[in-house]
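Notes for the one structure printed next.
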Amino acid sequence: MAVGTVYAAQPRESDPERFVRTRMAHRDVVVIGASAGGIAALEDLFSRIPAKAPFSFFVVVHTSASSPGVLPALLSRAGPLPASFAQDREVPRRGHIYVARPDFHLLFLRQRMRVAHGPKENGFRPAADPLFRTAARNFGARAIGIVLSGGLDDGTDGLRTIKEHNGIAIAQHPEEAVFPSMPASAIRNVNVDHIARIAEIPAILEHYAAEVLPKEVTMPPDPARIDVTDHGDHGLQNKSMNGTPASLTCPECGGALWETVNGTQLRYQCHVGHIYTGDGLVSEMDRDLEQSLWAAVRVMEEAAALRRRMAGVAKDARWNTLAPRYARQAAEIERSAASIRRVLQNGSPKPSAGQAAEPEARQKKKSRRAARRRS
């Protein structure tokens, strides 16, 4: 636990409904997104948060659908705050950590938690962006968003929405993050309030716990709005798709994509509700490209093997005109397959998404410059 982190006395409701009913003029909703390298960062963070911290914490970490789901136990052991998986339609309590279940989004609807198996976002379920943007719509300036270690750019768009609703945006310092892409993207695309190391975040939260907010900025701006990741979209039937049609297809379902621009980020959505940022879509396309190339190698090698078999049969049967032709075809196909194999084994073409495409040294240099500008 961090020495010297003492929070001013705040109302700690015995009735969880007070979380919804009261117009508390304090920032008390902390939403956190993380991916690769994020579990260690979360354990470190919650080891430093005191038991009397007047916040509810909501955590999304990218996990596979088959994950054993041990994160609540890890976070409970890390510090004094209890952690559990979020329950659908549960009213949050302060002094508790709520964790998104594997393969389910954690959202808010009418200031209650929503656990939904809706469309993936950037290929992930759960994802940080839906948690962040629904927190902004439900709690306005009460929301504090934190982006920790992870790849690509999940959390950036949601952090922007929190800022648009007068909330606070915090990014882990990229030099400290094991995988800096997520916090670096937030710093690059959002006017974050703090770029902080894990050890510095409790003091930042302490500062905001003592801040009294005008009631008008704590009123929920749009708590009844159902997020697209809750149960998908019906844009094709309703003719309600935003943006312009893109000549691209959804990696998840194959549907057409529509493009919008959010600040400096491209955003794509198909009509059933799968959402991608530009970096996320590049990553999914890279994966599909690699799968397609390996499939091509397999088909070509099978075709060459069949032709060599046919050449052998033709030679045994003394069909002298057919055997050489089959052999030549097999050799040509094998050369083409070998060329594709070399491309795959050399790791090209595999353009990394966004900042990940830059050399690591240049990446860190940019992050340091951004941190100095905002510190």
No solvent, one uniform scatterer per C-alpha: report log10 I(q)/I(0) for region 101-170 via the Debye equation at q = 0.16 1/Å, two decimals.
-0.50
Net lengthening on full extension, Ala256/Ala65 (0.36 nm per residue, minus Cα-Cα)
66.2 nm
Which whole number in µm²/s is D for region 27-225 by Stokes-Einstein, with the Kirkwood Rh taken over Cα pairs at 25 °C and 0.890 mPa s?
152 µm²/s
When region 132-229 is reduced to its Cα atoms, the Kirkwood hydrodynamic radius in Å:
13.7 Å
Contour excess over end-to-end distance, with Cα ends at Thr264 and Leu306 and 0.36 nm allotted per residue
10.0 nm
If one puts a single equal scatterer on every Cα of region 61-100 and applies the Debye formula without solvent, what log₁₀ I(q)/I(0) results at q = 0.16, 0.30, 0.32 Å⁻¹?
-0.42, -1.09, -1.14
Most exposed first, judged by fewest Cβ atoms within 10 angstrom, Thr249, Thr63 run Thr249, Thr63
Testing the spin-label approximation: label points 7 Å from Cα along Cα→Cβ at His207 and Ala51. State their distance in nm.
2.8 nm
Reported to two decimal places, what Rg/Rh ratio describes region 48-115 when computed on Cα atoms with Rh from the Kirkwood expression?
0.96
What is the Rg over Rh value, at two decimals, for region 287-345, using alpha-carbon atoms and the Kirkwood definition of Rh?
1.14
Check: C-alpha center region 130-193 vs C-alpha center region 32-64, spacing in Å is 14 Å
Neighbouring Cβ atoms within 10 Å as the yardstick, rank Leu152, Leu306, Leu159 fewest first.
Leu306, Leu152, Leu159
Can you sort Arg114, Arg188, Arg133 by how many other beta carbons sit within 10 Å, fewest first?
Arg188, Arg114, Arg133
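Since every read-out is calculated from the coordinates, none of them should be taken as a lab result. Please read these numbers as outputs of a predicted model, since none were measured by experiment. Every residue, glycine among them, receives a Cβ derived from its backbone with ideal geometry; neighbour counts consider all protein chains shown.
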